[in-house]
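Everything below concerns the one structure shown next.
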Amino acid sequence: MTPEILRDKLLASAKALGWPATVEPDFASPRFRGRQDPSAAPLSGTAIGLRLGAYPVLVAPIALTASDQMQTSLRALHNQMVIARSYMRAEEVINAHIMLCVTATNAQADWRGIIDLAERDETVCRKVIWMPDADAVDASYELFLARTFLAQPWRSLEAVLNAPLDHNQGLAERILVRHGLSEPAATRWVALAETYKDDPDGLIPQLVAAREQAQ
């Protein structure tokens with residue numbers, strides 16, 4: 001699977017949400033904004049820049065064949081993201097993501113553990129990795145999508161009308177009774193608390209009197 005396939009799927013997913021979705025070649029530039037000389041740091045060379053709504057993204061391939069090779073690729077992508085941030089709006093930088101498409105794996109390696117380790121490393125920005133399933137590409141992409149900012153699970157839920165929103169009726173009274181007040185005293189305390197919102201000093205003697213009267 002290629003990063004171009006992930007690029008196209010991400011663009012389609014963003015557009016399906018009604019978001020603006022564009023390819024941003026500057027994010028993959030070897031030069032910082034306003035500079036003529038290319039960066040001396042090693043860069044990915046295969047990254048694709050996108051802007052999905054308010055989220056700037058670098059899409060790139062990643063091979064999970066050797067840990068050191070993966071770390072080298074991630075360092076190059078971190079360098080590329082630092083350059084990409086110079087082309088982003090200030091408010092976008094916090095939303096920057098690197099989305100990786102696995103292109104090769106080592107059958108003997110714990111690639112699931114490797115993916116988890118890579119995603120937990122939020123150096124420079126957050127990273128999310130797609131492990132395509134050749135026999136179920138769309139299904140594996142949907143699982144990947146569910147872990148990203150493009151997931152909106154509430155869209156698949158049916159609307160519930162007339163749902164009970166307030167289950168706290170009588171909660172204060174129940175708590176007061178649980179802590180030793182009688183039910184009449186608890187009811188009176190809650191009523192007094194609502195009445196004396198602007199006179200806290202006058203509330204205390206009223207609470208004491210209500211408790212004594214209920215005994």
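The values are calculated or read from the model by the stated rules, or taken from the named source; none is laboratory data. Everything numeric in this text was worked out from a predicted model, so none of it was measured. Positions of Cβ are backbone-derived with ideal geometry, glycine not excepted, and every protein chain shown enters the neighbour counts. Heads up: the accessible areas ignore ligands, DNA and RNA and are worked out on the full protein's heavy atoms, side chains in. Shrake-Rupley method; radii C 1.70, N 1.55, O 1.52, S 1.80 Å.
Across the accessible surface of the range 3-151, with the other protein chains kept in place and a 1.4 Å probe, carbon and sulfur atoms take up 52 percent. Ordering Arg35, Arg85 by accessible surface, largest first, gives Arg35, Arg85; the 1.4 Å probe counts only protein heavy atoms, with every chain in place. Taking amide H positions as modeled 1.01 Å from N, with prolines and chain starts lacking one, no residue 5 or more places away or on another chain lies under 5 Å from Ala96. Working note: 222 nm ellipticity from helices only, DSSP H runs with n ≥ 4, each -39,500 (n - 2.57), summed and divided by the residues of the chain, gives -13000 deg cm²/dmol to the nearest 500. The C-alpha atoms of the chain define a longest principal axis, and helix 183-195 lies at about 70 degrees to it.
A simple charge model with +1 on the Cβ of Lys and Arg, -1 on the Cβ of Asp and Glu and nothing else charged puts the dipole of the range 3-151 at about 520 debye relative to its Cα centre. Of all DSSP bridge pairs formed entirely within the chain, close to 40 percent run antiparallel. Pairs of Cα atoms nearer than 8 Å and 6+ residues apart set the relative contact order; for the chain it is 15 percent. Placing unit charges on each Cβ (+1 for Lys and Arg, -1 for Asp and Glu) gives the range 3-151 a dipole about its Cα centre, and among Val59, Ala40, Pro20 the Cα reaching farthest toward its positive end belongs to Ala40. Oblate is the label for the range 1-44, because the ratio a/c of its alpha-carbon gyration tensor axes (a ≥ b ≥ c) is 1.5 or higher and a/b is not greater than b/c.
An oblate overall shape is assigned to the range 1-109, the ratio a/c of its alpha-carbon gyration tensor axes (a ≥ b ≥ c) being 1.5 or greater and a/b not exceeding b/c.
Which shape class, rounded, prolate or oblate, goes with the chain when its Cα gyration tensor gives a ≥ b ≥ c as root eigenvalues, a/c under 1.5 marks rounded, and past that a/b bigger than b/c marks prolate? Since a/c reaches 1.5 and a/b is larger than b/c, the shape of the chain is classed as prolate. Given the options Asp135, Asp201, Asp110, which has the most mean-square fluctuation in a GNM of the chain, springs set between C-alpha atoms less than 10 angstrom apart? The residue that fluctuates most here is Asp201.
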